[in-house]
1. Calculate the FRET efficiency for Glu56 and Val82 from the Cβ-Cβ distance with a Förster distance of 25 Å, rounded to the nearest 0.05.
2. Take the Cα of Ala179, step 7 Å along the line toward its Cβ, and report every residue of the range 206-221 whose backbone nitrogen sits under 18 Å from that point.
3. Sort 141-150, 213-222 for me by packing, meaning the mean count of neighbouring Cβ atoms within 10 Å per residue, highest on top.
4. Please list 54-66, 157-169 highest first by mean number of surrounding beta-carbon atoms within 10 Å per residue.
5. Please give the per residue volume of the convex hull enclosing the alpha carbon atoms of the range 135-292, rounded to a whole number of Å³.
6. What distance in nm separates the simple spin-label points at Leu172 and Leu229, each placed 7 Å from Cα in the Cβ direction?
7. With each pseudo-label sitting 7 Å past Cα toward Cβ, what's the Arg46-Met290 distance in nm, one decimal?
8. Please express the shape of the range 196-271 as an equivalent ellipsoid: the semi-axes are the square roots of 5 times the eigenvalues of the C-alpha gyration tensor, given largest first in whole angstrom.
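What follows draws every value from the coordinates through simple rules; no lab data is involved. The structure presented is a predicted model; accordingly, all values stated were derived computationally and were not measured. For neighbour counting, all protein chains shown are included, and Cβ atoms are generated from backbone atoms with ideal geometry for every residue, glycine included.
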Amino acid sequence: MTVTQLPPEIIEKLRACQRDEITEREIYRRIARATPDPHNRGVLDRIADEENGHYELWKRYTGTDLPPDRLRLFWYLFLARVLGLTFAFRLMEKREKGAQQMDPRILAAIPEAADVVAKEAEHEDEILGMLDEDRLRYMGSVVLGLNDAIVEFTGSLAGFTFALQDTKLIALTGVVMGAAASLSMGASEYLSQRSDAAPDDGINPKKAAIYTCAAYVVTVVLLVSPYLLLDNPFIALGCTLVAAIFVILCFTFYLSVARNLPFLRRFAEMAAISLGVAGISFLIGILVRMVLHVDV
């Protein structure tokens, strides 16, 4: 079928696919030029060549050259720099696959379109899986620090809220606990990785400890901040719980995209554990205050 025989709405769909391909080709090429690791650079160049082939295919049917989408180009370059190559590329490929599959008329009108979709399904995850990044290699350490901080501190702050009922005192207690716990978690992760890590798994115990400690500290700061900014401890507790849910939401989304995992079940499980521990700790705080007759 020639370009003159295609319906106008199909031509518009093809132009959208064509712009996606040229945009993604440019993203891969720009990041490849800035990537020092030869392995990752080779993977990126390979993907860029594939996207360019798809662009040329759609161009044969649209008969036009199209520039990249500059806004999307800079957005994905930003994501790749801040959140990592794998996250940005998996998110980009999810969008591309959705765009290609949303209108079956393209598959009916273009014989080669089925081959493009099949090739994406067969090779994109395989190619993206070849990317090797520290932030994914040490994701287990990040999960350890983040999970422990959220579960421990939502519970502790909930208990302190009713037992102490003073935001500054609660914040002081939380900061001291957080500092000690983050160092303890980092040291534990270092010893664990040093004793358990296989020689060829690429895990550096010092880096693992730093990732665990950093994740713990950042989470503690977010959870304690409402008590430093607000005077009402119960409102501060509500803000802390919202912050905990937000951290869980963001991290679960990142992990589900970067590792191609289910999102809703993991988010619901972690949120339920954190809120459940917070509720139990709040009740413990009430009992402690009643039994010990503490009045701060």
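1. Working: r = 32 Å, r/R0 = 1.26.
Once the sixth-power term is evaluated, E becomes 0.20.
2. Only 213-221 fall inside the zone, counting backbone N under 18 Å.
3. Details: 141-150: 22.4, 213-222: 20.9.
Order by mean packing, descending: 141-150, 213-222.
4. 157-169, 54-66
5. Working: hull volume 17.3 nm³, N = 158.
Dividing the Cα hull volume of the range 135-292 by its residue count gives 109 Å³.
6. 2.3
7. 6.4
8. Values: eigenvalues 178, 70, 12 Å².
They are 30, 19, 8 Å, listed largest first.
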